[in-house]
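Everything on this sheet refers to the single structure shown next.
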């Protein structure tokens, strides 16, 4: 018989019959410990060193989990020990997890221990899944071999994720969906799918935004996208910041393996984003920005993509050019890039005509969706109010493509350019102000208007350019 606990006391699963040997299932003992502490008014369930094999555990309000150094919470290999995902109600999929919280408050998962999922492929429970939860803290723990989204947040508020390590995740690392006031700091995330992915899906059964998210001092390593807003974008993203992070690619080229990706394709708005001080190594594509019209939630509009500030980005050994692409009737607007240095791992000694590039307005957003691009550094298509300063995009000797191609772009400017070639096609009310090494600027398109190109560039105009433009 277990003695009654006061809210201030620590409980351990061992006190409720856990074996902690990695063989006997300790699910009932752990859940009893959580429930007992909750009923006593709150406190901490402490896991001393050992291996605690468990199925589904339901988190309780005002109850923290502490994993000692040497403690491992081991996900049961039997999927029958977990609640099955409910395809007819997407929110209920959040119950298919090892640590599941629904409408709970003031919960912490912390310590020096490990959550070991021990899976060899994608598919199965999530390690940590939180639905409509508030005041959540996840600190210090290591989560390994996750078969599903490692930390999944839907409709959550006031979340701190600090100093955790995610190793060998088979799906996404950290996914805040329809959540607000989220801070992710000092983390290492290694995943096959997206490392950190912000979403604004319809999984709650109502449309809700993702706001006030801060990511800093993290190392992200993935075969997919390192930091993404979208693809699920039925509602808005706003007030998003990322700073002082390192991205490590080289694991694969899933969706082009972008470093930074900002997509709104389902009708929501994406605005007020600030990115600063990011170093990328071996990523597929440093930057991808896409405004499309997949319209998964049948809103019927292309959404809004504007007010993006990107500064001090260094990418080395990148595989493919960056992309900023809107639609003819829905351009990307108000993007500032200040300090963007890219060195490519390879070159393509071929060219491509702009008329060959498809729009693919309704497709899943992927910067490789357009095929070979006419730029080796940055391709900008259907955009306005794009300001770029301090771009460095050196080209190999065999590279025939321009460093930057701007196609159907207006009210934009390039300052302090350091690149050999630029191509402006149907660009209006825009200019290049200051350049190093007198780069060649090709101008084409009968819609070209009001261009300001200084004496520090070499201008070559195609025959279709309106007479008298220069």
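The values are calculated or read from the model by the stated rules, or taken from the named source; none is laboratory data. Everything numeric in this text was worked out from a predicted model, so none of it was measured. Neighbour counts are summed over all protein chains in view; Cβ atoms, including those assigned to glycine, are modelled from backbone coordinates with ideal geometry.
Evaluation of residue 397 against the conditions (1) touching a residue at least 12 places away in the same chain (Cβ under 8 Å); (2) part of a loop (DSSP other than H, G, I, E, B) shows that the sole unmet condition is (1).
Quick grid of which residues meet (1) buried (at least 24 other Cβ atoms within 10 Å of the Cβ); (2) assigned to a loop (DSSP other than H, G, I, E, B); (3) touching a residue at least 60 places away in the same chain (Cβ under 8 Å):
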{"position": "220", "(1), (2), (3)": "yes, no, no"}
{"position": "224", "(1), (2), (3)": "yes, yes, no"}
{"position": "229", "(1), (2), (3)": "yes, no, no"}
{"position": "238", "(1), (2), (3)": "no, no, no"}
{"position": "242", "(1), (2), (3)": "yes, no, no"}
{"position": "247", "(1), (2), (3)": "yes, no, no"}
{"position": "252", "(1), (2), (3)": "no, yes, yes"}
{"position": "259", "(1), (2), (3)": "yes, no, no"}
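For the condition out of contact with any strand residue (DSSP E or B) (no Cβ under 6 Å at 6 or more places or on another chain) and either without any contact (Cβ under 8 Å) to a residue 40 or more places away in the chain or on the phi > 0 side of the Ramachandran plot (or both), what is the one hit in 111, 124?
Numbers: 111 fails: out of contact with any strand residue (DSSP E or B) (no Cβ under 6 Å at 6 or more places or on another chain).
From the options 111, 124, the qualifying one is 124.
Restricting 369, 406 to residues that are at negative phi and either buried (at least 22 other Cβ atoms within 10 Å of the Cβ) or part of a strand (DSSP E or B) (or both) narrows the list to 406. Selection over segment 261-284 of residues that are touching a helix residue (DSSP H, G or I) at 6+ places or on another chain (Cβ under 6 Å) and surrounded by fewer than 24 Cβ atoms within 10 Å (Cβ to Cβ) gives a count of 0. Residue count for segment 331-347 satisfying the condition of being at pLDDT below 85 and under 14 Å from residue 378 (Cα atoms): 1.
Filter segment 367-394 for residues that are in contact (Cβ under 8 Å) with a residue 60 or more places away in the chain and over 19 Å from residue 308 (Cα atoms) and give the result. If the condition is that a residue be in contact (Cβ under 8 Å) with a residue 60 or more places away in the chain and over 19 Å from residue 308 (Cα atoms), then 368 is the only one that fits. Would you say residue 84 is surrounded by fewer than 16 Cβ atoms within 10 Å (Cβ to Cβ), within 34 Å of the chain's Cα centre (by Cα), modelled with pLDDT of 95 or more and part of a loop (DSSP other than H, G, I, E, B)? Criteria not met by residue 84.
Considering each of 77, 48 in turn, give the residue that is under 13 Å from residue 10 (Cα atoms), surrounded by fewer than 19 Cβ atoms within 10 Å (Cβ to Cβ) and modelled with pLDDT of 95 or more. Can you show your working first?
On the way: 77 fails: under 13 Å from residue 10 (Cα atoms).
After applying the criteria, what remains is 48.
Filter segment 186-218 for residues that are surrounded by fewer than 24 Cβ atoms within 10 Å (Cβ to Cβ) and under 23 Å from residue 286 (Cβ atoms) and give the result. Selection gives 188, 190, 192, 193, 213, 214, 216, 217. Cβ separations smaller than 8 Å between residues 6+ apart or across chains give the following pairs from segment 285-304 residues that are on the phi > 0 side of the Ramachandran plot and crowded, with 22+ Cβ neighbours inside 10 Å to residues that are in a strand (DSSP E or B) and at pLDDT 90 or above: 303/233; 303/264; 303/269; 303/270; 303/291; 303/330. For residue 232, the criteria (1) in contact with a helix residue (DSSP H, G or I) (Cβ under 9 Å, 6 or more places away or on another chain); (2) modelled with pLDDT under 95 hold in every case but one, which is (1).
Condition check ((1) over 32 Å from the mean Cα position of the chain (by Cα); (2) modelled with pLDDT of 95 or more) across all residues:
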| residue | (1), (2) |
| --- | --- |
| 416 | no, no |
| 419 | no, no |
| 424 | no, yes |
| 435 | yes, no |
| 442 | yes, yes |
